[in-house]
Amino acid sequence: MTYLLTAVLALSAMTACEEKDLYPDTGKDWEGTTDFFLTEDERQFATYYKPYVGNVGDPMPFYDPVSSTFKVLYLQDFEANREGTYHPIWGVETADGASYVSLGEIVPCGTIDEQDAALGTGCAVYDEQNGLYYIYYTGNKYLPSSSESGQVVMRAVSRDFKTWTKDLTFSLRGIDDGYSRNDFRDPCIFQDDDGRWHMLVSTMKDTKGVLAEYVSDDLDSWTCNGDFMPMMWDRFYECPDVFKMGEWWYMVYSEKHSSIRKVQYFKGKTIDELKSCTLNDAAVWPDSHEGFLDTRAFYAGKTASDGKTRLIWGWCPTRTGMDNTEVGAAPAEPNWGGAMVCHELRQNEDGTLVCVAPESVKAKYAENSDMKVMSGEGYRLENGDYIMESGSHILFSRLSAHNKITFTAGAGGTGAKFAVSFARGGDSEKYYSIVVNPEDEGANRKINFEEAGPEGMGFIEGIDSYKFPTPQDNIYNVTVITDNSVCTVYINDTVVFTNRIYGIARNCWSLDCLEGNVTISNLSVTEY
């Protein structure tokens, strides 16, 4: 606690100076030039939540039926975590995923000698029968001996979601039921159609990753029910989340393998059908792109629903050295923790899922921006539309720290290739492009990320999206939402692309036609 208070006080003392000097008046003409200026993020993000001190790790959302709000717990990651005791559970509250109120620390770390010296992912649940809230979480032992468990499922209890007491009489150890002593984490709790409670735990049995299942009638006494489902091949599914939506059962999970590191899902009309998706490494994928929901810049995604809308929260990682090319492509991995991104999880008629922009987030960006064309080449303006040919671009005036860009792109055929570029100046030798790229001879599309310009490295591996079908009418309805360096792109309610791009705020941006031709209409830029 002393460590935290010292850090907060030190940072608070610098707040006024740092925020005042974020865009210092040093004689630069911000409005009349297109020069690229090195800018910084705000210390705290409002839409894609980031705490003033440190970063968000592993969101654990929960809809509270008492307050009728979402409570999103998360692992608080400081810039310099203490050895052995780190990642206490903090929380925020939100009505709709667009704005947040901090709840501060919810469950503290134990001492260096206790089982929960460091905390890991879990879930929150409310028992209407006895009016109790529970947080089930992972307790990580610091330097466990060969006879101790490295990871154990533990819990805390509260009557008001404000004052929490650790239940020292409760623990689940994998070794007691034939599972791993040290990989036994990320408990997820759901109710079946009969109202019985189920808990899934990510673990290992021998050398195979599995989800262990425990069942309970009262959230107090839990009985091991064996394997819920095996993990395919050599994979490990982190942060599982099981829920029913309409007529389908789903499991959302985060694939830990360095070559994937994405949020995915399985689906089934029954729980048994859901469980069978991985039998004998069967790979019964739910859709044409292996259930991927976003990019490697959205991880540890878990959901919560108010009965009308299901939202999913994950974290968007930071980039080492604020280098936009350091995305953590395999065999490396992205940095751990960052800002909290919220999507709406929408169900299609065939039961497949897609992430779309929450209406509440879109509505937040309500102030019109004074957008101006600063320069460009190879385009013409007709009846308010921008007609662009191959090799053309339009450079627009500087963005704010929080922006929503919407437009419709009419592509001239399946081979057309266009992009939105950020952190771009009229003098830039390199800048960063989100490219809508034709794939499979134009039958599909994929969003790529490129460091463009004369000195750019071109395509950046490890941050491209999944493929999606080329629209039959070649029309792309695009929404781009930014909060400082976090950027999400939604196209046709079909694909989402989350990424971290430093330098968006207070710099120019562009629309680019790279191949073929494209018509840009209904262009709008708003902010808050």
Review point. If you find the alpha carbon centre of segment 26-98 and of segment 211-262, how far apart are they in angstrom?
Key: 27 Å
Practice item. Would you mind working out the magnitude of the charge dipole of the chain relative to its Cα centre, with +1 at each Lys and Arg C-beta and -1 at each Asp and Glu C-beta, to the nearest 20 Debye? Key: 280 debye
Check your understanding: Among residues other than Lys364 whose Cβ falls under 11 Å from its Cβ, what is the net charge (Lys/Arg +1, Asp/Glu -1)?
Key -> -3
Practice item. Pull out the extension gain between Lys208 and Gln129, defined as 0.36 nm times the separation in residues minus the alpha carbon to alpha carbon distance; nm, one decimal. Key: 24.7 nm
Check your understanding: Quick one: if the Förster radius is 60 Å, what FRET efficiency do Lys372 and Asp176 give, using the C-beta to C-beta distance and rounding to 0.05?
Key -> 0.35
Point to revise | Residue-normalised accessible area of the chain, expressed per residue, 1.4 Å probe, Å² | key: 40 Å²
Practice item. Express in % the proportion of alpha carbon pairs of segment 43-149 at distances exceeding 17 Å. Key: 56 percent
Check your understanding: Hey, if you put +1 on the Cβ of every Lys and Arg and -1 on every Asp and Glu Cβ in the chain, which of Gly337, Tyr386, Ile135 ends up farthest toward the positive end of that dipole?
Key -> Ile135
Practice item. With only Lys, Arg, Asp and Glu charged, each at its Cβ (+1 for the first two, -1 for the last two), find how big the charge dipole of segment 105-223 is about the Cα centre; round to the nearest 20 debye. Key: 420 debye
**Study point:** Among Thr169, Val284, Met229 - extreme Cα towards positive end, dipole of the chain, charges at beta-carbon
**Key:** Thr169
**Study point:** Protein accessible area in the chain, 1.4 Å probe - carbon and sulfur %
**Key:** 46 percent
Review point. Per the Kirkwood formula on distinct C-alpha pairs, the Rh of segment 149-236 is how many angstrom?
Key: 13.8 Å
**Study point:** Kirkwood estimate for the chain, i.e. one over the average of 1/r between Cα atoms, Å
**Key:** 24.2 Å
Point to revise | Estimated 222 nm signal from helices in the chain, with DSSP H stretches of n ≥ 4 weighted -39500 (n - 2.57), rounded to 500 | key: -1500 deg cm²/dmol
Review point. Roughly how tilted is helix 2-20, in degrees to the nearest 10 and between 0 and 90, from the longest Cα axis of the chain?
Key: 10 degrees
Review point. Roughly how many Å is it from the Cα centre of segment 291-361 to that of segment 402-444, as a whole number?
Key: 21 Å
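The values are calculated or read from the model by the stated rules, or taken from the named source; none is laboratory data. The structure displayed is predicted, hence computed values, not measured ones. Cβ coordinates were reconstructed from backbone atoms using ideal geometry, including for glycine residues, and neighbour counts include every protein chain displayed. Surface areas here come from the heavy atoms of the whole protein model, side chains and all, with no ligands, DNA or RNA. Shrake-Rupley method; radii C 1.70, N 1.55, O 1.52, S 1.80 Å.
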